[in-house]
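Engineer: Here it is: the structure, laid out below.
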Amino acid sequence: MPFFGEVVPQRLAVGGEVSGLLDLHEVAYYLVSLRQGDYQVIADFANAERRNTNIVGSVALLDGDGGNHREIVRFNEVDVSARKTGTFLARDDGPMILRVQNAHDAVRYELRLAETRIAVRGVAPAPAQISGEWIA
């Protein structure tokens, strides 16, 4: 089914990865089927010509019908490439849309979506194993 006229979001599975090329002000949409829980988005943006320049863009989460825009990560860097990580909570089971937007020179992007594992209330995490010599 088209989204906003002619745009048909591509599918992205939890645990999956997608990549592409976005020109100035271009947007890509990905349809994801989520279960209630916590998720992590890892986004990599790199200048398509491998130049040191502004990297400006974002990844946002939308409801299945395209409403309720929530920005997860924002890029505003001067570099050849940049990585941003963001987390969000899916309150209900159902479809959601990830919107990847570029607001400057052409970029190559990679987007990964993973379910995050958080500690269960009342269960303490295992202590870190620290070894070696400490110098004060």
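Engineer: Going through 82, 90 one at a time, which residue ends up being more than 15 Å from residue 42 (Cα to Cα) and not acidic (Asp, Glu)?
Structural biologist: None of the others qualify; the one that does is 90.
Engineer: Filter the range 34-53 for residues that are assigned to a strand (DSSP E or B) and either over 15 Å from residue 75 (Cβ atoms) or modelled with pLDDT under 95 (or both) and give the result.
Structural biologist: Answer for the range 34-53, where residues must be assigned to a strand (DSSP E or B) and either over 15 Å from residue 75 (Cβ atoms) or modelled with pLDDT under 95 (or both): 34, 37, 38, 39, 40, 53.
Engineer: Also, quick follow-up: Would you call residue 52 under 17 Å from residue 107 (Cα atoms) and either free of Cβ contacts under 8 Å to residues at least 60 places away in the same chain or in contact with a Cys (Cβ under 8 Å, 6 or more places away or on another chain) (or both)?
Structural biologist: Yes; evaluated as a whole, the condition is true for this residue.
Engineer: Out of 70, 74, 11, I need the residue that is without any contact (Cβ under 8 Å) to a residue 24 or more places away in the chain, within 12 Å of the chain's Cα centre (by Cα) and surrounded by fewer than 13 Cβ atoms within 10 Å (Cβ to Cβ). Which one?
Structural biologist: Result of the check over 70, 74, 11: 70.
Engineer: May I pose another question? Conditions: (1) in contact with a Phe, Trp or Tyr (Cβ under 8 Å, 6 or more places away or on another chain); (2) of a type in the set (Gly, Ala, Ser); (3) modelled with pLDDT of 95 or more. Residue 66 meets all but one. Number of the miss?
Structural biologist: Of everything listed in (1) in contact with a Phe, Trp or Tyr (Cβ under 8 Å, 6 or more places away or on another chain); (2) of a type in the set (Gly, Ala, Ser); (3) modelled with pLDDT of 95 or more, residue 66 misses just condition (3).
Engineer: Condition first: exposed (fewer than 15 other Cβ atoms within 10 Å of the Cβ) and acidic (Asp, Glu). Can you find one or more residues in the range 29-38 that meet it?
Structural biologist: yes
Engineer: Then there's this: State all residues of the range 33-84 that are within 25 Å of residue 13 (Cβ to Cβ) and of a type in the set (Asp, Glu); if no residue qualifies, say none.
Structural biologist: 38, 44, 63, 65, 71 - these are the residues of the range 33-84 that are within 25 Å of residue 13 (Cβ to Cβ) and of a type in the set (Asp, Glu).
Engineer: From the residues in the range 87-108 that are more than 19 Å from residue 35 (Cβ to Cβ) and either out of contact with any Phe, Trp or Tyr (no Cβ under 8 Å at 6 or more places or on another chain) or at pLDDT below 95 (or both), which one is surrounded by the fewest Cβ atoms within 10 Å (Cβ to Cβ)?
Structural biologist: Once the filter is applied, the top-ranked residue is 106.
The values are calculated or read from the model by the stated rules, or taken from the named source; none is laboratory data. This is a predicted model, so every value here is computed, not measured. For neighbour counting, all protein chains shown are included, and Cβ atoms are generated from backbone atoms with ideal geometry for every residue, glycine included.
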